[in-house]
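Asks: I am attaching a structure below and will ask some questions about it afterwards.
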Amino acid sequence: MSSATALRPPTVDHLGTLLAGQPLPAPSPWPAVNALRERAQTALGALAMPTLRDEAWRFTDLAPLHRLTFQPVLSAGGLQAADMAPFALGDAAIRLVFIDGVYAPQLSSLAHEGGVVVTDLPTAMATHAVALEAQLGSQQTLGNNVFAALSTAFLQDAAVVVVPRGVALAAPVHVLFVTTQAGAISHPRCLVLAEAGSRVTLVEDYVALQDAAYLVNPVTEIVLAERAQLTHVRVQRDGRQAFHIANCAVSVGRSANYQSVSVALGAQLSRYHLSVVLGEGAECAVDGLALLAGSQLADTHSCIDHAQPHGTSRQLHKCIADGSADAVFNGKVVVRPGAQRTDSAQSSRNLLLSGRAQIDTQPQLEIFADDVKCTHGATIGQLDAEEVFYLQSRGLSDSAARQLLTYAFGAEIIERIPVPSLKRQLQQRMLAQTGSQP
Amino acid sequence: MITPNSPVLIDVHGLCASINGVDILKDLDLTVRRGEVHAIMGPNGSGKSTLAKVLAGHTAYAVTAGTVQFEGQDLLAMAPEARALSGVFLGFQYPIEIPGVANSQFLRLSYNTLQAQRGHEELDPLEFDDFVREKMKMLEMSPDFLDRSVNEGFSGGEKKRNEILQMALLEPRLAILDETDSGLDIDALRIVSRGVNQLITPDNAVILVTHYQRLLNHIVPDFVHVMEAGRIIKTGGKELALELEKRGYDWVSAEHEAAGRARTQEVSA
């Protein structure tokens, strides 16, 4: 088995160090997958790890990542269904579980209805090779992104969701990525193809069963055909020492609808880059919450690209930073030439709970059409003293009042999750997390 | 209701308070006994709302002199929540909107905090729901207001009803109602007043801060105080409010100044 370091020039750099000693995956039985990997491996040769000098990374220092080494895990550990209980969603009948990046069929329950495919990549390839080969790794917005290329270079498996034309899946699909081993590196991948007029809810969920450092490097690709509707709930509840660097590319077809809620609670350093390209008359709502304490850093970059006319986008992103945490938000909305009648509204609202915490927010509008309605705005504030006093005047202690108000600030986003069991879990988690503040 | 020898509930003596270095309350005295209803009237800027907030413990105000004894305790030494738990309630002039906190959750949390403090059993959400719905009937409030965020999108009148609902739940010893009548139409004023009247007992007391006599047609005060420039310059019975309605505040002010001059002359004589 050759080593990925062979791809690199002999100079020592952080990418080279990360790749050192990581075996390239064994050749795939599907030529398209091999070709995809090779392209990514070639791309990696020309890429370097981003630094603070890169505009898109100026607030997110990867130095803590570079100080560590990570190893891939090649087989799923012997986990039992009971180990998954804390993360089980009662209302998600369909579940795909990956342990340290490796598919765990014994913990998964697959879809068998109406031609819906929810399964691992090899199983899906047996029946849907043409569609999957066409879409896997195909989204332009992932190009020259070092972490996305890294993921594709090591592509082994994926959670595949294919919803046929006109089919509405009532229950959400829960894709659970669990890290169990210290020092593990994994490249979780989701590929979602929602055919014309279909409807589905996807919960993409990252958890850990251990507290030590590890690296998750997910790539999610979503293609919505015309009139398809996807609700995409993304939960990053990794361990507090984890590194989580994720990329998601969404293509929203004509008159299709993409609703996304992403929640970042865990990891010492997390980054989520979401790219949405809207077709004609397409709609998206992209909402997010980062709830941070201690020395956590969470960076959300989003780009909503109105490539065609008559698109609608809504975005509400909230950060809550306590301790000496850092929250970063960069939200770009692009309106292409000809994307007339675009309707876009973006709001970044932020709550600073400590004098040592930091929030950097940057909403950006790039408009190249003249008949559009676009708004954006950002606020950073502390808890409102009048609200605290109001609650105190009703008997709540200062800390209970602050906890409730902090919770409420974040709850606005959690409320938008249409999966009641997940909503409850996150509400509990949020109450516990906000309660620990001084 | 004035009862001879009723125990003093709150005794405010020589109270001075300021905000951002500006003196608002200047040597204010006020004594309220159990069972009494006091109205505090006065022109804008006379310090009525400041008095209400200072008594409730608003941290933006600095108390620079004076004492406040509440049932024998030093009220000024207590945190706002400790005052609430001891039985002081402030009905806000502008109730705060708290998006994201369900009214039911807020009301139950507040109620249970007080129950725990009083050594009583807390209510679970179902028990509380029954309990609060009964109280809401008294105020002709729709149960829909339980599911909405605290005061968010409530009309002025709905917010004030929600304040009195909290008073009904918390059963304070002393309720200070800061312009509870502002923003109320005639029907809402009647409903809110009826609610307050039902909550008045010989054991508790109410201080009504108001601009208008019309509230006092519904909640009849035992004492009417006129505030000016941070102190009480005249005290009378309920008929004083009618006189103020007719004649305004200028004559009280003039009378007070004349009395002041007379005192100065006496002293210098």
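Readers should treat all values here as calculations from the given coordinates under stated rules, not as data from a laboratory. For clarity, every value in this text was computed on a predicted model and none was experimentally measured. Backbone-built Cβ (ideal geometry, glycine too); neighbour counts: all protein chains shown.
Asks: Quick one: which of B:Lys53/B:Lys234; A:Lys373/B:Lys159; B:Lys159/B:Lys234; B:Lys48/B:Lys160; B:Lys159/B:Lys238 span more than 29 angstrom between C-alpha atoms?
Replies: In this structure, A:Lys373/B:Lys159; B:Lys159/B:Lys234 lie more than 29 Å apart at Cα.
Asks: Based on the Cβ-Cβ distance from B:Glu140 to B:His218, what FRET efficiency comes out when R0 is 22 Å, to the nearest 0.05?
Replies: Efficiency computed from Cβ-Cβ geometry: 0.90.
Asks: With +1 on the Cβ of every Lys and Arg and -1 on the Cβ of every Asp and Glu, and nothing else charged, how large is the dipole of chain B about its Cα centre, in debye rounded to the nearest 20?
Replies: Result for chain B is approximately 520 debye, rounded to the nearest 20.
Asks: Take the Cα pairs of segment A:385-438, get the Kirkwood Rh, then feed it into Stokes-Einstein at 10 °C and 1.306 mPa s and tell me D in µm²/s.
Replies: 135 µm²/s
Asks: Something else now. Give the calculated FRET efficiency between A:Asp61 and A:Asp91 to the nearest 0.05, with a Förster radius of 45 Å applied to their Cβ-Cβ distance.
Replies: The pair A:Asp61/A:Asp91 has a calculated efficiency of 0.70.
Asks: What is the sum of charges, Lys and Arg at +1 and Asp and Glu at -1, for the other residues whose Cβ falls under 11 Å from the Cβ of B:Leu55?
Replies: With Lys, Arg at +1 and Asp, Glu at -1, the neighbours total +1.
Asks: Mind checking the mean number of beta-carbon atoms from other chains within 10 Å of the Cβ atoms in A:380-391?
Replies: Per residue, the average neighbour count from other chains is 5.
Asks: Only four residue types carry charge here, +1 at the Cβ of Lys and Arg and -1 at the Cβ of Asp and Glu. Report the dipole size of chain A about the Cα centre in Debye, rounded to the nearest 20.
Replies: 140 debye
Asks: Let me ask something else about it. Top mean-square fluctuation among B:Ile96, B:Ile176, B:Ile207, Gaussian network model of chain B, C-alpha springs under 10 Å?
Replies: Result: B:Ile96 has the largest fluctuation of those listed.
Asks: Sticking with this one: Got a sec to turn the phi values of segment A:57-63 into Karplus ³J(HN,Hα) couplings, 6.51 cos²θ - 1.76 cosθ + 1.60 with θ = phi - 60°, whole Hz, x for Gly and Pro?
Replies: Couplings: 10, 5, 9, 10, 8, 8, 3 Hz.
Asks: Going by how many other beta carbons lie within 10 Å of each one, how would you line up A:Asp326, B:Asp222, B:Asp74, fewest first?
Replies: Least crowded to most crowded, the residues run B:Asp74, B:Asp222, A:Asp326.
Asks: Moving to a separate point now. Once the other residues with Cβ under 12 Å from the Cβ of A:Ala159 are scored (Lys, Arg +1; Asp, Glu -1), what is the net sum?
Replies: -3
Asks: When a footprinting reagent is the concern and you count Cβ atoms within 10 Å, what order do A:Glu55, B:Glu245, A:Glu133 take, fewest first?
Replies: Ascending Cβ contact count within 10 Å gives the list A:Glu55, B:Glu245, A:Glu133.
Asks: Related question: Would you kindly state how much longer the chain becomes between B:Arg261 and B:Arg190 on full extension, computed as 0.36 nm times their sequence separation minus their alpha carbon distance, in nm to one decimal?
Replies: 21.3 nm
Asks: Further, regarding this structure: Quick test of the membrane-span-like rule: which DSSP H helices of chain A reach at least 15 Å along their long axis (C-alpha atoms) with mean Kyte hydropathy at least 0.0?
Replies: Span-like helices, by this rule, are A:121-135, A:398-414.
Asks: Could I ask something else about it? Quick one: work out Rg over Rh on the C-alpha atoms of segment B:96-153, Rh as Kirkwood radius.
Replies: 0.98
Asks: Taking the Cα atoms of segment A:30-384, what is the range of coordinates along each of the three principal axes, in descending order and whole Å?
Replies: That gives 48, 44, 44 Å along the principal axes, largest extent first.
Asks: Still on this structure, please answer the following. Taking all pairs of different Cα atoms in segment B:48-136, averaging 1/r and flipping that mean, what Kirkwood radius in angstroms comes out?
Replies: Result for segment B:48-136 stands at 15.0 Å.
Asks: Also, I was wondering about something else. Along each principal axis of its Cα atoms, how long is the protein assembly as shown end to end? Whole angstroms, biggest number first, please.
Replies: 109, 57, 52
Asks: Say each of B:Glu239 and A:Ala432 gets a label point 7 Å from the Cα, pointing the same way as Cα to Cβ; how far apart are those two points in nm?
Replies: Computed distance between label sites B:Glu239 and A:Ala432 equals 6.8 nm.
Asks: Another question, if that's okay. For a quick check of your reading of the filter: which GluC sites (Glu not before Pro) in segment B:118-154 sit in a DSSP loop and have no more than 15 other Cβ atoms within 10 Å?
Replies: B:Glu121, B:Glu122, B:Glu140, B:Glu152
Asks: Here is a follow-up. Calculate for chain B the 222 nm mean residue ellipticity that helices alone would give, adding -39,500 (n - 2.57) per DSSP H run of length 4 or more and normalising by residue count, nearest 500 deg cm²/dmol.
Replies: Theoretical 222 nm ellipticity from helices: -12500 deg cm²/dmol.
Asks: May I ask you to derive the FRET efficiency for A:Ala81 and A:Ala171 from their Cβ-Cβ distance with R0 = 22 Å, giving the value to the nearest 0.05?
Replies: So, using R0 = 22 Å, E works out to roughly 0.75.
Asks: What are the semi-axes of the equivalent ellipsoid for segment A:185-287, taken as the square roots of 5 times the Cα gyration tensor eigenvalues, largest first, in whole Å?
Replies: Value: 28, 11, 11 Å, ordered largest first.
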